[in-house]
Amino acid sequence: MAIQTVTVVGAGNMGSGIAQAFASGGFKVTLNDVSAEAVAKGLERIRKPLEKRVAEGKMPQADLDALLSRLTPQPDLKAAVADADLVIEAVFEDLKVKQELFAKLDGLAPAKTLLATNTSSFYVKDLAAVTKRADRVVGLHFFFPAAVNKLLEVVKGPATSQASADAAYAAGKKAGKSCVATADAPGFAVNRFFVPWINEACRLLDEGAATLPTIEAAAKEAFGITMGPFELMNVTGVPISLHAQSTLHKQLGAFYEPAKGLKAQVDKKANWDLAGPVEDAKKPLVAARLRGVVFGIACHLVEEKVCTLRDTDRGATIGLRWAAGPFAMMNKLGAKQALAEVKALSDKWGKAFAMPMTLAEHAAANKAWHLPTVTLEMLDGGHLALVTFDRPEALNALNETVLHDLDAVLANVEKAKPRAVILTGEGKAFIAGADIPTMRAHDVAGARAYTALGNRVLDRIAALPCPVLMAINGFALGGGLELALAGDLLYASEKAQLGLPEVGLGIHPGFGGTQRLPRRIGIGKAKEIVYAGKTVGAKEALAIGLVDGVVAPDALMDHCLAVARAIASKAPLAVAGAKTSMDHGTETGLAAGLRIEQESVALLFATKDKDEGMDAFLQKRAAQFQGR
Ligand code: HXC
């Protein structure tokens, strides 16, 4: 169910931002609203700021022209959805209005079309209920401003099929979003803790616990943000916070009741006055209260299986731009302190803010939350696996935790049997090498164990039966480059830097660099790099055959996905046979290599895919391979 055409219904601020994101992701987008004027206004919202970027030299005119050429205005709803693979509703946040629209869309859109709602406060199931395609209804919750904010919550309703959720997730990724999968629960993942965080700031003010500027300053420091809760409300509109909190209150009970001061401020129709003195001594108390709310709810989210621990943190760092997510913050603070802060609230609210058992257990064992440093996403109905190194604070350096997490991810990749795998890094590095503090602590025996672990995990990558692509998004140094060399195809961003700096640290490559590099680029060039601890830019890497392609940073993932999809469309056993023939055959003499190839291809004549591939050719149709 690959999505190519998207229709956005509602051309307001959110809708036009969503349309822009999908158009820049290469989708054909139709923009719809109640009138031609409203649609034209929506298009202006997209065009004007982008024209400014062109004028400032930040965007080539050709890119703007291409983006606009993918956007079609269509005020007629029936015509707008006639061709759509995915329809996204971004109309006024009113359940009746949305339900009427969904009933209409269900009648007008083709049966295959996925219907998505951008609601932030209603259940996906309440919209699915008015259609006859509940399995093809999902939530796609974008964050303001939708064209720019990278976070996208992909909400799976109780009746949403996994295939629909996967297709929506993949489309969101292609539109440049960092997707977070959530269940159909109140506030989904992020608003569930973010809105009460704002409400708690208002409660602190109601109680006279601190002045408004004190609360604002304490929040900024504790969460590493540039705008505190009150300034944020001024920017987004105070009533939005009250509306969101009231909805949570209805769904989740007493703890979520809106603060009196918040209601009063909305009645006054005024923004908050941010001026006044900051009382430094009261900041710790304020910070502890705000953290307590966030920590408690984050644990509830994970215990209720709304969202994973890592995605809860990503929601905070990507969507809200907090310096760290709730679980990373708890790890830094220590589970005991986090527990104390949540307990203070739980003692006050009783069942309305229940003590999360998982936090109590972590505190009792004085244990940190395990935040996976390597993640796995299955795309295209399981045909592609995307593995991401996620330790950006240390440029994804390979410590033992990362290697063990990667090992566990590879076990899941092996079970999932994808047709191609892509590995990449979060942040500005692919991987900046083995972890230097870890290595500094090792003696000979420790180094032996550590390199054995590294080599075992890298061999596991090399041994995957399907092709492995490396999307080298930034630094690939030392063990990072060695890991990339365990893949089949290496694609680098123009910004990438590749090298083996080990000799500058008093060691030499130990994760296969002295072996795999000469096999790839020849012994002379490899020695140049290893002996001098040399780092090369992407262009030079391409010239010496170290990488197989260099792509603009924004286009790297799309390029890798396109190559991976081309591979995935072919017969998987044939591709796997070709991989082993090349990998094993080139490690022996020509005669032995030719025998390896001969036996491998002969065995393929026993597969169903060989019959399918050849029948498809003879019947002049596209082949549908099963991997059997
Ligand atoms: C642990 C690392 C790291 C590494 C970066 N960091 N590389 N931590 N191990 N290999 C951490 C930094 O300490 C810093 O943490 C944070 O990541 C950001 O890095 P910066 O240095 O501030 O970034 P920048 O100035 O942009 O420089 C980027 C860089 C530089 C050029 C890549 O970080 C660098 O030279 N790193 C080391 C690269 C390296 O030598 N790799 C090979 C390792 S040997 P803080 O906490 O300060 O913010 C190897 C051997 C394998 O891989 C075989 C084993 C036997």
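The values are calculated or read from the model by the stated rules, or taken from the named source; none is laboratory data. Keep in mind the model is a prediction, meaning the values are calculated, not measured. For neighbour counting, all protein chains shown are included, and Cβ atoms are generated from backbone atoms with ideal geometry for every residue, glycine included. For accessibility, only protein heavy atoms count, side chains too; no ligands or nucleic acids. Shrake-Rupley method; radii C 1.70, N 1.55, O 1.52, S 1.80 Å.
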Does segment 555-569 include one or more residues that are closer than 30 Å to Leu505 by Cβ and open to solvent by 60 Å² or more (accessible area, probe 1.4 Å)? no
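Name the one entry in Gly454, Gly446 that is over 24 Å from the mean Cα position of the chain (by Cα), in contact (Cβ under 8 Å) with a residue 12 or more places away in the chain and part of a helix (DSSP H, G or I).
Residue meeting the stated conditions: Gly454.
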So is Lys579 under 25 Å from Asn455 (Cα atoms) and not in a loop (DSSP other than H, G, I, E, B) or not? yes
Close pairs from segment 385-398: first at pLDDT below 95, partner among the β-branched types (Val, Ile, Thr) and more than 9 Å from the ligand (Cβ to nearest atom), Cβ under 7 Å, at least 6 apart: Asp390/Thr373; Asp390/Val374; Asp390/Thr375; Arg391/Thr373; Arg391/Val402
Failed item in (1) aromatic (Phe, Trp, Tyr); (2) out of contact with any strand residue (DSSP E or B) (no Cβ under 9 Å at 6 or more places or on another chain); (3) modelled with pLDDT of 95 or more, with Phe92 passing the rest: (3)
Any residue in segment 187-209 that is β-branched (Val, Ile, Thr), touching a His at 6+ places or on another chain (Cβ under 9 Å), crowded, with 24+ Cβ neighbours inside 10 Å and touching a residue at least 60 places away in the same chain (Cβ under 8 Å)? yes
State which residue is farthest from Gly533 (Cα to Cα) when the search covers only segment 495-513 and only residues that are within 9 Å of the ligand (Cβ to nearest atom) and in a helix (DSSP H, G or I). Gly513
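Please go through segment 406-433 and pick out each residue that is open to solvent by 20 Å² or more (accessible area, probe 1.4 Å) and under 29 Å from Glu494 (Cβ atoms). Lay out the reasoning, then the answer.
Going residue by residue through segment 406-433, those that are open to solvent by 20 Å² or more (accessible area, probe 1.4 Å) are 407-408, 411-412, 414-417, 419, 426-428, 432.
Result: Arg419, Glu426, Gly427, Lys428, Ala432.
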Scan (1) away from the ligand (no atom under 16 Å from the Cβ); (2) part of a loop (DSSP other than H, G, I, E, B) for the single condition Asn396 breaks and write down its number. (1)
I'd like to check something: does segment 348-359 contain any residue that is of a type in the set (Val, Ile, Thr), modelled with pLDDT of 95 or more, away from the ligand (no atom under 16 Å from the Cβ) and in contact with a Leu (Cβ under 8 Å, 6 or more places away or on another chain)? no
Output the residues belonging to segment 537-568 that are within 19 Å of Pro467 (Cβ to Cβ) and free of Cβ contacts under 8 Å to residues at least 40 places away in the same chain. Gly545, Ala562, Ala566
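Has segment 275-290 got at least one residue that is of a type in the set (D, E, K, R), modelled with pLDDT under 95 and surrounded by fewer than 16 Cβ atoms within 10 Å (Cβ to Cβ)? Walk me through it before giving the result.
To start, the set of residues in segment 275-290 that are of a type in the set (D, E, K, R) comprises 279-280, 282-283, 289.
Still in the list and also modelled with pLDDT under 95: none.
No, because not a single residue in segment 275-290 is of a type in the set (D, E, K, R), modelled with pLDDT under 95 and surrounded by fewer than 16 Cβ atoms within 10 Å (Cβ to Cβ).
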Considering segment 615-628 alone, what residues qualify as being aliphatic (A, V, I, L, M) and loosely packed, with under 12 Cβ neighbours inside 10 Å? Leu618, Ala622
Run Ile436 past the list (1) near the ligand (Cβ under 9 Å from one of its atoms); (2) crowded, with 23+ Cβ neighbours inside 10 Å and report the number of the one that doesn't hold. (2)
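Of all residues in segment 31-43, count the ones that are open to solvent by 30 Å² or more (accessible area, probe 1.4 Å) and within 29 Å of the chain's Cα centre (by Cα).
Step one: of segment 31-43, the residues open to solvent by 30 Å² or more (accessible area, probe 1.4 Å) are 33-37, 40-41, 43.
Pick out the ones that are also within 29 Å of the chain's Cα centre (by Cα) and you get 43.
Number satisfying all stated conditions: 1.
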Only residues that are touching an Asp or Glu at 6+ places or on another chain (Cβ under 7 Å) and open to solvent by less than 70 Å² (accessible area, probe 1.4 Å): list them for segment 487-515, please. Leu489, Leu490, Tyr491, Pro509, Phe511, Gly512, Gly513
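When you look at Gly427, is it in a helix (DSSP H, G or I) and within 12 Å of the ligand (Cβ to nearest atom), yes or no? Talk me through it step by step, then tell me what you get.
Numbers: in a helix (DSSP H, G or I): no; within 12 Å of the ligand (Cβ to nearest atom): yes.
Considered against the rule, which asks whether it is in a helix (DSSP H, G or I) and within 12 Å of the ligand (Cβ to nearest atom), Gly427 comes out as no.
Consider segment 466-485. How many of its residues are touching a Leu at 6+ places or on another chain (Cβ under 9 Å) and either open to solvent by 10 Å² or more (accessible area, probe 1.4 Å) or in a strand (DSSP E or B) (or both)? Steps first, answer last, please.
As a first pass, look at segment 466-485 and keep what is touching a Leu at 6+ places or on another chain (Cβ under 9 Å): 467-485.
If we keep only those that are either open to solvent by 10 Å² or more (accessible area, probe 1.4 Å) or in a strand (DSSP E or B) (or both) too, we end up with 467-473, 475-477, 485.
Number satisfying all stated conditions: 11.
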Which one is farthest from Glu37 (Cα to Cα), of the residues in segment 56-92 that are open to solvent by less than 50 Å² (accessible area, probe 1.4 Å) and of a type in the set (D, E, K, R)? Asp85
Matching residues in segment 520-574 - criterion: being among the charged types (D, E, K, R) and farther than 22 Å from Glu482 by Cα: Asp554, Asp558, Arg565, Lys570
